1. What number comes out for accessible area per residue over the stretch 138-184 if the probe is 1.4 Å? Units Å², please.
2. What are the ³J(HN,Hα) couplings of the stretch 27-36, residue after residue, when phi is run through the Karplus curve with 6.51, -1.76, 1.60 and θ = phi - 60°? Round to Hz, x for glycine and proline.
3. Considering only lysines 8 or more places apart in sequence, or on different chains, count the pairs in the chain whose C-alpha atoms sit under 25 Å apart.
4. Given a Förster distance of 45 Å, report the FRET efficiency between residue 178 and residue 14 from their Cβ-Cβ distance, rounded to the nearest 0.05.
5. Residue by residue through the stretch 121-135, which ³J(HN,Hα) values in whole Hz follow from phi under the Karplus form 6.51 cos²θ - 1.76 cosθ + 1.60 (θ = phi - 60°), with glycine and proline marked x?
6. Specify which labelled value, from [x] 1.07; [y] 1.15; [z] 1.01, agrees with Cα Rg over 2.2 N^0.38 Å derived from the coordinates of the model shown.
7. Radius of gyration and Dmax for the stretch 1-118's Cα atoms, expressed in Å?
8. log10 I(q)/I(0), Debye, Cα-only the stretch 68-190, no solvent, q = 0.15, 0.22 Å⁻¹?
Amino acid sequence: IEFNADGSYKGVLVEPQSINEALQSEDLDNGTYYGTPNTNISGDTETDPKGGTNSFLLNEQSGTSNHYFITESAYRATITSGETWTHSIFLKKGDGANAPDIVQIIGAASNYGGTPYVNFNISTGAVLSSSDLTGRIRDYGNGWYRCSVTGTATSTAAAGYIGIAFTNNNDSLGRLPSYAGQTDANVFIWGAQLEESPIATSYIPTTTGAVTRLK
């Protein structure tokens with residue numbers, strides 16, 4: 001319920017309709033829908049933000065390269081020039097000896113131009129460096145943060161995806177950095193969402209198709 005500044009009743013808050021275009025939003029180790037270049041992902045029993053045990057552990061692999069997680073090209077949404085989209089996912093610092101505090105969410109240059117990314121500190125709940133996208137972070141308790149990036153497309157492409165990159169725990173290396181990866185560097189992930197919206201609306205679970213939540 002929303003109130004005016006003087007304490008008088010204003011009305012009941014209403015959330016707008018939204019559509020989650022991120023498929024298999026709670027099946028993130030599904031290799032058909034999601035790719036893991038120089039990383040690997042597995043189901044985990046860490047309590048997820050919904051109170052279940054359906055979280056996933058994304059692990060960095062050794063070797064000099066980019067280390068990331070991304071929606072496979074066949075399952076990416078078409079984002080049209082002029083549209084504003086928000087990409088979001090729940091993140092929690094991993095349990096490895098080298099688990100990073102700093103994790104990056106990336107967007108596609110073919111949609112947003114430049115080098116679209118935002119770095120987040122998932123230990124302190126801070127938005128760090130960014131380019132071509134606006135980042136937001138919200139504390140969901142028990143170490144989980146919902147991290148989101150928002151941008152207005154400058155061109156049209158079927159490149160709407162969920163992309164998470166490791167950064168060597170460094171905020172100054174730019175988008176999708178290449179470096180020698182290490183073992184025991186990991187992050188818990190859960191609940192992918194991709195929507196045409198200026199904010200991350202409340203989470204909408206999906207399986208094989210986009211799901212609409214009505215107003």
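The values are calculated or read from the model by the stated rules, or taken from the named source; none is laboratory data. Every value quoted in this text rests on a predicted model; they were computed, and no experiment measured them. Cβ atoms come from the backbone with ideal geometry, glycine included; neighbour counts cover every protein chain shown. Surface accessibility is based on the protein's heavy atoms, side chains included, excluding ligands, DNA and RNA. Shrake-Rupley method; radii C 1.70, N 1.55, O 1.52, S 1.80 Å.
1. Here the residues of the stretch 138-184 average 42 Å² of exposed surface.
2. 10, 6, 9, 7, x, 6, 8, 10, x, 9
3. Step by step, the pairs that qualify in the chain add up to 4.
4. 0.50
5. For the stretch 121-135, the Karplus curve yields 9, 8, 9, 9, x, 10, 8, 9, 5, 7, 8, 6, 9, 9, x Hz.
6. [z]
7. My reading of the Cα-based Rg and Dmax gives 18.4, 60 Å.
8. Here the Debye-derived log intensity ratios amount to -0.64, -1.26.
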